[in-house]
Structures are given as structure tokens and as C-alpha cells.
Protein chains: 4
Amino acid sequence: MSLLRVGIIGATGYTGSELVRLLAAHPRVEIAALTSRSEAGRPAGAVHPALQDVVELTLTEADRIADFDLDALFLALPHRTSMEFVAAQPQDGPPIIDLSGDFRLADAAIYEAWYETPHVATAALAGAVFGLPELFRDRIPGARLVANPGCYPTAAVLALAPLVRRGLVATEGLVVDAKSGVTGAGATAKPQTHFPDVFGDFRAYGVSRHRHTPEIEQALGRVAGAGVQVLFQPHLLPVDRGILATCYARPAAGLDPDRLQAAYHEDYADEPFVRLREAPPATKHVRGSNFCDVHAVLDERTGLVIAFAAIDNLVKGAAGQAVQNLNLLCDWPETTGLNQGPLCP
Amino acid sequence: MSLLRVGIIGATGYTGSELVRLLAAHPRVEIAALTSRSEAGRPAGAVHPALQDVVELTLTEADRIADFDLDALFLALPHRTSMEFVAAQPQDGPPIIDLSGDFRLADAAIYEAWYETPHVATAALAGAVFGLPELFRDRIPGARLVANPGCYPTAAVLALAPLVRRGLVATEGLVVDAKSGVTGAGATAKPQTHFPDVFGDFRAYGVSRHRHTPEIEQALGRVAGAGVQVLFQPHLLPVDRGILATCYARPAAGLDPDRLQAAYHEDYADEPFVRLREAPPATKHVRGSNFCDVHAVLDERTGLVIAFAAIDNLVKGAAGQAVQNLNLLCDWPETTGLNQGPLCP
Amino acid sequence: MSLLRVGIIGATGYTGSELVRLLAAHPRVEIAALTSRSEAGRPAGAVHPALQDVVELTLTEADRIADFDLDALFLALPHRTSMEFVAAQPQDGPPIIDLSGDFRLADAAIYEAWYETPHVATAALAGAVFGLPELFRDRIPGARLVANPGCYPTAAVLALAPLVRRGLVATEGLVVDAKSGVTGAGATAKPQTHFPDVFGDFRAYGVSRHRHTPEIEQALGRVAGAGVQVLFQPHLLPVDRGILATCYARPAAGLDPDRLQAAYHEDYADEPFVRLREAPPATKHVRGSNFCDVHAVLDERTGLVIAFAAIDNLVKGAAGQAVQNLNLLCDWPETTGLNQGPLCP
Amino acid sequence: MSLLRVGIIGATGYTGSELVRLLAAHPRVEIAALTSRSEAGRPAGAVHPALQDVVELTLTEADRIADFDLDALFLALPHRTSMEFVAAQPQDGPPIIDLSGDFRLADAAIYEAWYETPHVATAALAGAVFGLPELFRDRIPGARLVANPGCYPTAAVLALAPLVRRGLVATEGLVVDAKSGVTGAGATAKPQTHFPDVFGDFRAYGVSRHRHTPEIEQALGRVAGAGVQVLFQPHLLPVDRGILATCYARPAAGLDPDRLQAAYHEDYADEPFVRLREAPPATKHVRGSNFCDVHAVLDERTGLVIAFAAIDNLVKGAAGQAVQNLNLLCDWPETTGLNQGPLCP
């Protein structure tokens, strides 16, 4: 069986190195090219010491990838850079799985409002599919461009979709109180990610303006078949990996606990990467794995619903989900190369 | 100036040792007795190695405190033990500041429903005052028994009180999504506090049944002059100290951002321990101090209000607030002995 | 190809769950039995929530393992319990890889002195081999009982072996200053592993009496062909996983930096799990993997040698090395099932 | 009683903010000026949010300090900047306590070799005293320039001085294996201090070239009255604060455990900030305090001595020791303003 030759464009960040970790152990894939603007010419194992002896490639310039005869591309680039790269690719190039935010929002105007930059690849955007397999699996095979979902949206949307799909909760006034480890802020050192200031700290950020807000609303809106409005409030957890989304919703009349549980069971019992839990999920129980752990309850005193989801932001929230999308693109079993159990403790 | 002789009943837990830390540096207090059932006879500095050379006392049995001629008592006992102790004290004994949950809920029936145990000191309960000075300062001087508030209620109530007091938000459907460091779970090792399982983890707990729920509702209800219903959802932060409460509320008609800010300014501008922040507060900015940092915003897209409060759960959430209550009982400046700046970073 | 049926005896601790994690992804193995005295009858995924959907077995009693037709056994039991189990096995039972300390010290008298208990399986002890493949690979195939090395000895011995083997350093006065994450203390909650006390803390422990001392001396002594004396000082790192050993030695006359580097290169260049580093190794660069990262230098000012080694204490220091030993026992490629890259960051 | 007016030159870093924390609570001091090149004009509480309401000053330019009528200066500047500042001060200016490395090494040639820059204030250097009160207390009163010791040297020298002073150990071959929290690397974000990379990690750094090496040797050499050679190996602890130094030495003939303990007792029993411990010290037991906790043992098997010391690197290792030096300069009780107990847990 010949291996699929994949390239990772932008391999120096955290999503890039996590793709290397997962793809190096994928039985049907060969990592054929890794690119970096800043580190071209250096061995990948020098840039990511953890990957010494895991991958032997030398980083190359992104504009040389045509030399590598690639079958699929993962883009692990900053937003803006990503759509510029896509716009420059040939029409008949290999399929692309993009991990940036550039192709997740179908409406370029919404993109431009939240990202504060013009969209420069609207033709590609029109053909992009939103790669959240549990909700939109059917659209992924055959796609030329898969927009891999954001980390927070993956958790929030999987937590709420069974409710929204069935009209079990009101679609306005939804609250997503989410907490993420610091890898979500990227691999570049910044004052906000200076160790002594983050260690032992906890705080909210991005009040009223986080770019994952419209992505959550769009995905839930598609599931609901109607507009959905979400107050999304992120927080910075003093850990490396992990997202927990705690979601609050007002139920429609007559929701009872059994109906609530049945909805989650119907949607997720057969999903290989969603685990329904009997207690609130824990980020450490999914660390390093592609699992999304979900739990929901009806608080009978207040009549509100609480729905929880936990993921590893770099795996199910980024690189793992991208591999899951590759598997779907290639018509392989969806779990191929993703059977690593969580690293816990 | 003679010093006030205080005793700490139950000095081996975290609130007990934190009281020692603060009271040892209090200029008008002498720590005259420390008690422990399990460690009586041992030097306090042997039980709490951090306190070697900070306090020189030997732990004694609680039933010997009459020998110590004490002017005030801090009870740092588990709930139930605390009310049994209070019930056994003479009527004319020294005033008591109780840090347990036993005297916080005015209605014994509510206490019994949430704590699942009969209340055995209802006479004392009838005279207890709820020691949250920023809201109920006038009631504290002269009290015989001060119920020191819980850590979560301190944060949640200070975050929401300016809104509730003025009817600026609906009093049902309030959500308090709170996150606490592990000292909140006490000094006794338990499977849920085993280091390798908590390190790097984050999870919710106590869904629908945390005992601080009725305490938050009672305090906000008094401020509102009407019933208040709160969904309180705690989470375990993988840090030692610190609470952040993120609170969500639906505003009454016509609330605008200026009115919101004015409410907080009116209530807190002159409070020595409440700091209004221009950005979401951070737990590390209050670590080791008696500050409660507060910030609130109106999210204009969704029309919801978000109110944040951060405290050190062992200081403003326990021992520091208890010292603040002592200062009020003694008619001393409220900040006496509480001028330690936050330990940050 | 039929799968090898393995059992894990004592599957509720951390080495047990880590064996499950690794073996569940091993392409030539089927986990056929998991035992637990305390949790028999419960699904493994209920005891280890991280392993829900990773392993489907129900825990069983250890005395029922004869029913499972096992081809190999991993013992993840406390010391003492382990030798009692071994002593009770039939002579012709499946080969055993023991992860306790019971069969690591060839001399029962030394065992009894350090473990303060009589050795009750001296016959088995006589046939046990010390399963540190990089040093004693040839002895492992065909063994009936492999004593899987301790976590600290794995790091310390791999750091120092190239020097000791060649007589490049004095064999007395060796210092091993080692630091371990808290999983090394096991899965049972204890006061010393209570989260709030360990978080942000660092301290030494076990001065002059850690049981890994004679194990390090024995292994280095075999390599040296002479007695070796080591001062081993462990410290508790406030992290979940990871060991760093910093070793100090006085060189023999005439050692120069090139000779030093050549020794390490000769020993380790072809080892699949030892990575020679150009800078001091980091525990996070090996997290979750079976790598041991090594670096050594001659400090020219003082004339002393410093040798570093980093491992994940639960992988190369326990379960991963056990799988490596299984591969050797079965004459499979030594890296089978161990190709997971480090989880970093 | 009039207050001493002090200025902190370079108040935006961690030692600067820690000086503010301590001096704001000092009963005989008024913080009269805070300077910053980069943040002049901003309120100190905006630059250090933790210090809002703790200090009310606005940061000013260092070259305006003559306007403030200061009685003493703390320099919390980078090395090089610090000696340039000192060289520019008038001869009759207020006394200076310098927290940089610029005046710690009496021999400018050694300074230049390790800091790789010419010394530009050799006249001032000639008059500087090394402000480690426990060893050199008598020289501090009346000094014009106190060189506040480095954090690692404070711990290492206090751990070893009682041995070296009495010739109880060999003065060559000393090993100091030290571990420091990340605040030791300063307040500026760097790739090496990026949270996700440090969290859960542990590694050595600065092999053979850390600038605290000659400072340790100089201080111990003065105590010994002879040359001392030290191998100093620092490590980066994934915590914010705290240093533990583990020191190894070969004893002189005939050292016995009683003689060892007596040496420490003689030197430290009356020291207000050195606590002799009966077990290895823990960094958390000194957090936020000016204590240095010390413990030493003779390992009878190997005949080596192990000496431990733990400090908070920002307090006894920097700002607290600077305040201690101020107290000595002013002939106040040495503990004035330094009676804060450790923040533990």
C-alpha cells in the first residue's frame, strides 16, 4: 500500500508540531514536506526538540512545495497568511485542510467584521466545507478545501448541538463560559504568556470580541436551521493543553431530564470520538487524544440546562480533527492514526 | 496599648494557618491560643512548618480555652463541629467569628436541606450576623457571633450586588460560573485532591448541589429586597489559591453601559478592599491580599451583563475577611493588619 | 497474525493504566485481562475515566487469571505483593515482566536491608534478569522473569553508564541529584501528595535512604565490573510526569571533552530510545514517549563531569520500558508499539 | 517619627514590584519615587495591576530623581545600566542598595570575564560592600553602596558557610545543584519563559557559565579565608518563585554528625531570618517571606555532606534582603517591615 504524501505548511507553531506528532504515527501517511518561513533550512528536530528522531525532515520554504509531489496539504498558518496561500494555489492542486480561521465563516462580511481584514480568497471560501465531522460529516469527502474548526467552537458546538438541533433550548441568551490552556495562544512568546504571570493565575479575556463567537453561532445556526445567538466568554487556564466549555441555556417548555439524555445519546452514542460521561468531564481525561467528552444536565431548581464539553485544544481542537478530516477525505476509517489513548495522568 | 487576646479554634486547617499568618502581623492582636483536636501538644510550627518562628504557641485542646482569658474567638472548624462548639459556649463568653457554614443561613430549614444535618444551635443562629462588611457593615459592631461568608459567596455576591440592589438585572436566571483553587477543598488529602490527577486538569464539580448556592441567594436576596435565584456552578482550578466568579445576568429594560459602571462606582469607590478594574480581574493580582477585584460589562450584541470578581479564597474568602470583621467588632480601622499587598508574581 | 494475549496484574495504579494506554495501541498485543483487588467487577473505564472507550475490559480478581489463557503477564503491584504473587505462580506459567522493586536486586540481603522485609521468592529472584535493554539487552530474550528497572535508576544509569563502563570517572563519590514528578509516588492520595501543598513547591526527600540507591549501584557496578558507590538524592518536582537526573562525577586523569562525547556516541548512537542531545535535556521533550534524552559535559573550570538524563517516569521509567522488554521477549522489533512521539507542549 | 524617603530606580521589573510590596508595608519608610524608562508617566498601579491601591505614585524618569529629596535608593536595574547609573550619581548622594550584579564581584577583572563587559564604575566598586547580613553584617552600617547578593548565591552560600568557615569540608569539588522558579529570569517575556513550554517541564541551563558562580566562590572564599571552587549548576523550576540549593561536599577527616549540626546551630540559632530545619526545606514554606530555611546532613554510606537551603528568590534572594540591608544601614531592628509570614499554601 503506497502512503499518502502530505505536507504541513507552517510547521513551526504548535498546531504544526502536533500534526507532525500525529501524522508520524499514522499508518497510511508519509510526511513528505514541512515548511517554515522563519526556520527554512533547519531540521525539524532542531526547531522542535521533542521531535528529534520522530521526523527526519528539514524545513523548507512554502513556495517550494510544488517540488514535493504532495497528495494533501495541511495549512497551519496564521489567519490572513492562510488565505493568501490558498489564493495562490493552482485549481487542480492537492486538497487542503486549513487550520486557520480564514475559511470557517461562510459569509465574508462576517469574517471581515470580526477579523478586521478583507477576505482575499472569496472564490475558495465559496467552496470550503466546515470540517466538524460529527455534525457535517457528509460534506467532507471530496472537498477541495476543508476549514478545520476552531478549538473553542469544537467544544462549544459539540456540547450544545443535540439541544439546539431539536429545539430543546432557546436559541438566544445562550452562554458559553469557556476555559483554555495557554497553547491556544500560540507558540510565540508574548507578555500575556510569560510564565511567571500566568502560573497560578486565572482570568477572563476577550470580552465581547473573541473571533470564535460567530463561528459558534454559524455552526449552531446550521444545526438549528435558524439564527442562534451566543455570549461566548473565554478564560485563560494556567495549563498547557485543554479546553472546558461550560454552556448555559434556557430550555423550551416541557424539557425533562430523560429527553435531555436521550438527545445526547441519539447524537453521540455511535461517534468514535465523542464520549458521553456520567459526570462533568475533565480536561486531563482527554489530554493528547482526539476525544471530546460531553455531559449535560437539567438543573431542576432553576430550570436551566448546563452542558459541558472537554477537549485537548491541540488535538480534537486542531491537529487531531484535521487528521480526522483527512481520513474522511481519503475514505479511510475515521479513527485511522487516532487511536492514541489520553495521556493521563 | 494592650493587645487583644484572640484564640483560633481549629488551627490545623488552611483557614486556621492563614489566620495565624495574618494575626501574627496584626498590630493590635496577640494570638493567645491555638487549638487542635488531632495535634494538641505539638508546637504550631511543627504542624505548619511555614509558621516556624512566626508563632511560638503549642496547640492545645479546645476544651481548655477558658484558661486563656481570650477576648475573641475565631472558629476554623468543620461545619457541624462548629455549631456544637458554639452551643457549648457560655452566654457571656468572648465574641465569636465563625468561618464555617453553620451560621450563614438564617433559616435553619434551608441549612438542614443543603447540609443534610439538623441545626443544633438555633438560638445562636438567631443572633448571628452575616459578616460581609461591604454589604452589611452596620450590623457587625457589637455582634456576639459573626458568620464569616463562604469563599464563593464573597466573590459572587460582591460581583452582582450593585446590579441586584438597583434592579438592573433580572433576579432569576442568574448564572455564577465560578472557579476555585484547591485550598478551597481543605487541608486533608483526598483522592480528588491528589496532585497528579489535579495538575494540568480542569473540571466542574458539585453540579446542582453546592452548599454555597443558598448563601449566595440569601445575600443577594437581602440586597434586592426580594427573592433571587442563582444557578451556581463551581469548577476546580489547578492552582492553590484564588477564586474567579464569572456571573451572567439579563438586564432590566434600558440598562446602558454608563448606568452599569455608575452602579459599581457608587457602591465600591470608597471600599478599601474592593478594587474596580478596567479589565477582567486576575486571581494572581489579589493573591495573599484581602482585595476583591471587580469588573462588569454589558455585552451589547447579546444584551447580557457579565460581572467578574476575583479574590484569594483564603484571605478575602476566609481569614482576611474574618480579620476585617474583627476590626469592625473592635471599632478599629477596617484595614488594620490587612495592608499586605498581593504576592504577585 | 494472532495477537499475544497479555494480562496486567494490578491495573488500578498509574503504571497499570499507563500499560493499558500503551498496550491498547500495540499492534501485536491484545489486552486480555486486567486485575484489581479493590476494584474487581468494575469496568476499567470507570476506574480510569481517561480509558473509557480505550479498553473495554472489566477488572477481575488476580487469582482468576488462569482462566484467561494469557501469554505474558505484567505485574504492576506494590513491592512485597509482587513477590508473593510470583511465588504462587506455576513454574510453566507465562513469562512475567515485574514492575515492582522485588526482583531488581540480585542479592536478597541487600533487598532485605533496603526494603525492610524478608524476600519470599528467592528462587524466582535467582532467575530474574534486570530489564534495562540498553545495557543488558542480550539477557532478556527467553527470560521467565524480567525485573523492570525503577524510574530513577533508568535515568541515572543511562546517564552514567558510558563513563563508568570505560573507567572515565571515579566509581566512588558519584552524586545523582534527581528530580521526579509526583506520579512517581503512586496513585494513592497521601498528605505528601495533597495538591495545595505540592503546587508551586519543591523539596528534597528520602535523604540517605531511597531504595533506588542500591539498584543504581548494582547496575553501574555490573557495567563497571567493579563496586560503585553513589549518593542518590531525590527531589519532588511539582509536575505530574518526568524525571531529570543531574549526575556529578570526578573524571579519571586525562579525560578530555572529545573522549567524553565519543563514549556517549559509541554507546547510544544506534539506540532507538536514547537521544543524545546538544543541550541539557528537558522532561517535557520526552513526555509520553519512551525516549531517554542524554547530555554530558566536562566542566573545565572544576574538572568535574556533569551527565544529564531525562525520561518520562511512567514510560521509559516504567510501562514503556516494560513494553520494550516484552518486545525483546517476543523477538519483535524493539520499537513495536512505542512509536508515539512526545506530547509537547 | 518622620519616614525615610526612598526611591526605587527601575520599578517595572519583578524586583522593583517586590520592593514596592515590601516597602509599602514598612513602618518607617515612605516610597517617594518610582522610576522607569519605558513606562514613565504611567501610574505604578497600571503597570503592576496587583499594586493598584497599594502604591499611588506615577512612574518618573530616573534622571529626575534629584527632585524627590530621597534618603536612600534601591537600584532594580539590569546589570550594566546599574553601574552607569551609579557612576553618574554625586559623591554625596543618598546611600544606594544595588540589586544588580554590577557591584558584587570585588575584582573588576572577574566581573569582566563573566559579564563580558567592561566595568565602568570601578571607584564605586572599591567602596561597595556585599550585603549578605548573616555573614558580613558588620560591614553594612555606614556603607554608601551595598551590593545586594544574587538569589542563587544567597541560598548556596548560607547553605555551605558553616562548613566552609570551619574547614569541615574540602574547598574544591563543591557542587551546588540549584533550582529556581521562573521569576529569576525577569519580567520580560522570552521564548525560554513562554508558558506552554515551561509548564510541566524541568531542565538545566547555563552549564559551566552562570554568572553567579564567581559570586558564590567569592563569598565562600571570604568565609573560608582561602580559595573555594564550586561547580554551580542551575535548573529552571516550573513555578513562579522559590530557590532550592542542594549542595554536595566532601568532608574533612573526622567530621561527625554532631559536629555538623553544631556548626549550623552556632552560626544560625540567633539569626532572625535563617531557620534550621529538621527535614529538607521546601520552597513553599518560605514563599513571600524573608526566611532562608537550612538543613544539612552527613550521608554516612558515602561519607559526603548534603546541605540544603530554600529561599524565595524575590524576597531573601532580592527585595527582602535589600530591605534587611536598608534596616542595617539605618540602624533599625533588622526585621523591621519584614515580619510577613510565608504565604503557604
### Query
Checking D:ILE311 against (1) in contact with a strand residue (DSSP E or B) (Cβ under 6 Å, 6 or more places away or on another chain); (2) surrounded by fewer than 24 Cβ atoms within 10 Å (Cβ to Cβ); (3) not aromatic (Phe, Trp, Tyr), which test does it fail?
(2)
### Message
Give me the residue from segment C:163-191 that is of a type in the set (D, E, K, R) and within 24 Å of C:TYR268 (Cβ to Cβ) and, out of that set, nearest to the other protein chains (Cβ to nearest Cβ).
### Response
C:ASP177
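Rundown of residues vs (1) under 23 Å from B:HIS210 (Cβ atoms); (2) small (Gly, Ala, Ser); (3) open to solvent by 20 Å² or more (accessible area, probe 1.4 Å), yes/no style:
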site: B:TYR111; (1), (2), (3): yes, no, no
site: B:TYR115; (1), (2), (3): yes, no, no
site: B:ALA123; (1), (2), (3): no, yes, yes
site: B:ARG139; (1), (2), (3): no, no, yes
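Conditions (1) in a helix (DSSP H, G or I); (2) on the phi < 0 side of the Ramachandran plot; (3) aromatic (Phe, Trp, Tyr), marked per residue:
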{"residue": "A:VAL120", "(1), (2), (3)": "no, yes, no"}
{"residue": "A:ALA124", "(1), (2), (3)": "yes, yes, no"}
{"residue": "A:PHE136", "(1), (2), (3)": "yes, yes, yes"}
{"residue": "A:LEU163", "(1), (2), (3)": "yes, yes, no"}
## Note on the structure
Looking across segment B:222-243 at residues that are among the β-branched types (Val, Ile, Thr) and surrounded by fewer than 24 Cβ atoms within 10 Å (Cβ to Cβ), the single one that is nearest to the other protein chains (Cβ to nearest Cβ) is B:VAL228
### Message
When you check B:LEU231 against the structure, is it within 30 Å of A:PHE195 (Cβ to Cβ) and touching a residue at least 12 places away in the same chain (Cβ under 8 Å), yes or no?
### Response
no
### Message
Filter segment A:141-159 down to the residues that are over 21 Å from A:LEU77 (Cα atoms) and under 15 Å from the mean Cα position of the chain (by Cα) and list them by number.
### Response
A:ALA155, A:ALA156, A:VAL157, A:LEU158, A:ALA159
### Query
Do we find that D:THR336 is open to solvent by less than 30 Å² (accessible area, probe 1.4 Å) and in contact (Cβ under 8 Å) with a residue 12 or more places away in the chain in this structure?
yes
### Out of B:ASP102, B:ASP107, B:ASP53, B:ASP98, sole residue that is more than 22 Å from the chain's Cα centre (by Cα) and of a type in the set (Asp, Glu)
B:ASP53
### Query
Are there any pairs, at least 6 apart or on different chains, whose C-beta atoms fall under 9 Å, with the first in segment A:32-57 and touching a residue at least 24 places away in the same chain (Cβ under 8 Å) and within 12 Å of chain C (Cβ to nearest Cβ) and the second in a strand (DSSP E or B) and not aliphatic (A, V, I, L, M), and if so, which?
A:ALA44/A:THR58; A:VAL55/A:PRO43
### Message
Looking for something surrounded by 23 or more Cβ atoms within 10 Å (Cβ to Cβ) and more than 8 Å from every other protein chain (Cβ to nearest Cβ) - is there at least one such residue anywhere in segment B:247-266?
### Response
yes
### Message
So in segment A:208-221, with the set limited to residues that are within 18 Å of A:HIS235 (Cα to Cα) and open to solvent by 30 Å² or more (accessible area, probe 1.4 Å), which one is nearest to the chain's Cα centre (by Cα)?
### Response
A:ARG211
### Summary
Out of (1) open to solvent by 10 Å² or more (accessible area, probe 1.4 Å); (2) farther than 30 Å from A:VAL305 by Cβ; (3) in a loop (DSSP other than H, G, I, E, B); (4) at pLDDT 95 or above, the one A:ALA106 does not meet is (2)
### Task
Give the residue that is least open to solvent (accessible area, probe 1.4 Å), with candidates limited to residues of segment C:270-286 that are farther than 19 Å from C:LEU244 by Cα and within 11 Å of another protein chain (Cβ to nearest Cβ).
C:GLU271
### Summary
Restricting segment D:82-94 to residues that are over 11 Å from D:ILE9 (Cα atoms) and of a type in the set (S, T, N, Q), the one least open to solvent (accessible area, probe 1.4 Å) turns out to be D:GLN89
### Query
Checking D:ALA76 against (1) closer than 22 Å to D:THR188 by Cβ; (2) modelled with pLDDT under 95, which test does it fail?
(2)
### Task
Please go through segment D:287-306 and pick out each residue that is under 30 Å from B:GLY288 (Cβ atoms) and open to solvent by less than 10 Å² (accessible area, probe 1.4 Å).
D:GLY288, D:SER289, D:ASN290, D:CYS292, D:ASP293, D:VAL294
### Task
Kindly list the number of the only condition in (1) facing another protein chain (nearest Cβ under 8 Å); (2) out of contact with any helix residue (DSSP H, G or I) (no Cβ under 9 Å at 6 or more places or on another chain); (3) not polar (S, T, N, Q) that fails for D:ASP331.
(1)
#### Entry: Tabulated pairs, segment C:76-102, first among the hydroxyl-bearing types (Ser, Thr, Tyr), second outside any loop (DSSP other than H, G, I, E, B), C-beta under 8 angstrom, 6+ apart or interchain
C:SER82/C:LEU75; C:SER82/C:ASP98; C:SER100/C:LEU75; C:SER100/C:THR81; C:SER100/C:SER82; C:SER100/C:MET83
#### Entry: Conditions (1) out of contact with any Phe, Trp or Tyr (no Cβ under 8 Å at 6 or more places or on another chain); (2) farther than 14 Å from C:PRO133 by Cα; (3) modelled with pLDDT of 95 or more; number of the one not met by C:PRO280
(1)
#### Entry: Filter pass, D:THR58 being open to solvent by 20 Å² or more (accessible area, probe 1.4 Å) and either at positive phi or in contact with a strand residue (DSSP E or B) (Cβ under 8 Å, 6 or more places away or on another chain) (or both)
yes
### Query
Can you name every residue in segment A:192-214 that is within 11 Å of chain B (Cβ to nearest Cβ), under 28 Å from A:ALA11 (Cα atoms) and outside any loop (DSSP other than H, G, I, E, B)?
A:GLN192, A:HIS194, A:PHE195, A:PRO196, A:ASP197, A:VAL198, A:THR213, A:PRO214
#### Entry: Any chance C:ALA185 is more than 25 Å from C:PRO333 (Cα to Cα), in contact with a Ser or Thr (Cβ under 8 Å, 6 or more places away or on another chain) and either modelled with pLDDT of 95 or more or open to solvent by less than 10 Å² (accessible area, probe 1.4 Å) (or both)
yes
### Query
Somewhere in segment C:144-151, is a residue crowded, with 24+ Cβ neighbours inside 10 Å, of a type in the set (Gly, Ala, Ser) and at positive phi?
no
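The values are calculated or read from the model by the stated rules, or taken from the named source; none is laboratory data. Because the structure is predicted, anything quoted here is derived from the model rather than measured. Cβ coordinates were reconstructed from backbone atoms using ideal geometry, including for glycine residues, and neighbour counts include every protein chain displayed. All accessible areas refer to the heavy atoms of the entire protein, side chains included, with ligands and DNA or RNA removed. Shrake-Rupley method; radii C 1.70, N 1.55, O 1.52, S 1.80 Å.
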